[in-house]
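Derivation of every value follows stated rules applied to the coordinates shown; laboratory data play no part. A quick note: this is a predicted structure, and the numbers were derived from the prediction, not measured. All Cβ positions, even for glycine, are placed from backbone atoms using ideal geometry, and neighbour counts span all protein chains on display.
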Amino acid sequence: MPIFHCERSTALSIDSTESVLVSDATENKATVKRARTERARTERARTERARTERARTKRARTKRARTKRARTKKGLVIVHTGDGKGKSTAAIGIMTRAWGRGMKVGVIQFLKNENASFGETKAAQRMGIDWLSIGDGFTWTSHDLDETEARVHHGWDIAKEGITSGQYDIMILDEFTYPLHFGWLDTAEVLDWLADNKPHMLHVVITGRYAPQELIDYADLVTEMHEIKHPFHNQGIKAQPGIEF
């Protein structure tokens, strides 16, 4: 009996030991799994922090670049186009503002008759602003479109001289979109010339209907005047001094 009891006790001890070993192995596996999970969680957190930091750095760089660009000054190419009234009027407003700042302004009108005397022409003379009208009338009043086109080419030659002369802070090319629209001047060639020759700080203001898309894409500031009401169209009221001329 004692022998059998001893063997039984030994068997029970072995079973208990095996249970402990199995339990320890299971616990070790769980520990290893928890450790792996924790490492994965830590790695994900580290990756997320790195991603967040990269994004923060990128935003900071973008903000610095935008701020730098905002501080950067450059001569603008400004376009006033559309079917509404006010394109030349807006350009004349820029002329007046610049004159008040002591800036040198040059104006070339490409279609208005060289002998016309409008209110803005008289004002420019009094203000000492260089003003040149090289046209022979609007296209719908011109008696010789070949002559009109020749005048346009002459005017563009004068404009290029003024732009590169270094004498002006602002050059206004009034009605300049029409020569581009009618094909008297090649838009791509004009824009290439401006890109290569316009002084960095010179502002160029271009007015007129039918601004080509290439010009709109090239310009820094584009405003489209859209007619909603007009006294002539709605009431038959003709152009009046101080308003239209």
Between residue 220 and residue 154, with labels modelled 7 Å along Cα→Cβ, what's the label distance in nm to one decimal, could you check? 3.3
Pseudo-spin-label distance residue 210 to residue 233, built 7 Å along Cα→Cβ, given in nm, is 1.7
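With a Förster radius of 41 Å, plug the Cβ-Cβ distance of residue 83 and residue 51 into 1/(1 + (r/R0)^6) and report the FRET value to the nearest 0.05.
E(calc), rounded to 0.05, equals 0.20.
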Taking the Cα centre of the stretch 95-245 as the origin and placing charges on Cβ (Lys, Arg +1; Asp, Glu -1), which of 195, 127, 105 is farthest toward the positive end of the dipole? 127
Show the residues, 5+ positions off or on another chain, whose built amide H is closer than 5 Å to the amide H of residue 135. 111, 112, 114
Residue 107's amide H: which non-local residues (gap 5+, or another chain) put their own amide H closer than 5 Å, with H modeled 1.01 Å from N in plane and none for Pro or chain starts? 130, 131, 132, 172
Note, ³J(HN,Hα) from phi for the stretch 212-224, Karplus 6.51, -1.76, 1.60, rounded to Hz, x at Gly and Pro: x, 4, 4, 5, 4, 5, 6, 5, 8, 9, 10, 10, 10
How about residue 68: which lysines have a C-alpha closer than 20 Å to its C-alpha, ignoring those fewer than 8 places off in the same chain? 58
Please turn the phi angles of the stretch 79-87 into ³J(HN,Hα) values with the Karplus equation 6.51 cos²θ - 1.76 cosθ + 1.60 (θ = phi - 60°), one per residue in order, whole Hz, x for glycine and proline. 10, 10, 9, x, 8, x, 6, x, 5
For the stretch 169-178, in residue order, the Karplus 3J(HN,Hα) values (coefficients 6.51, -1.76, 1.60; θ = phi - 60°; whole Hz; Gly and Pro = x) are 9, 9, 10, 9, 10, 6, 6, 6, 5, 5
Mind checking which lysines have their Cα closer than 25 Å to the Cα of residue 74? Skip sequence neighbours fewer than 8 apart in that chain. 63, 87, 104, 160, 198
Most packed first (mean Cβ within 10 Å per residue), the peptides 169-182, 106-119, 199-212, 228-241 order as 169-182, 199-212, 106-119, 228-241
Quick one: if you stick a label point 7 Å off each Cα along the C-beta vector at residue 161 and residue 144, how many nm between them? 2.2
For 185-194, 122-131, ranked highest to lowest by mean beta-carbon neighbours within 10 Å, the order is 185-194, 122-131
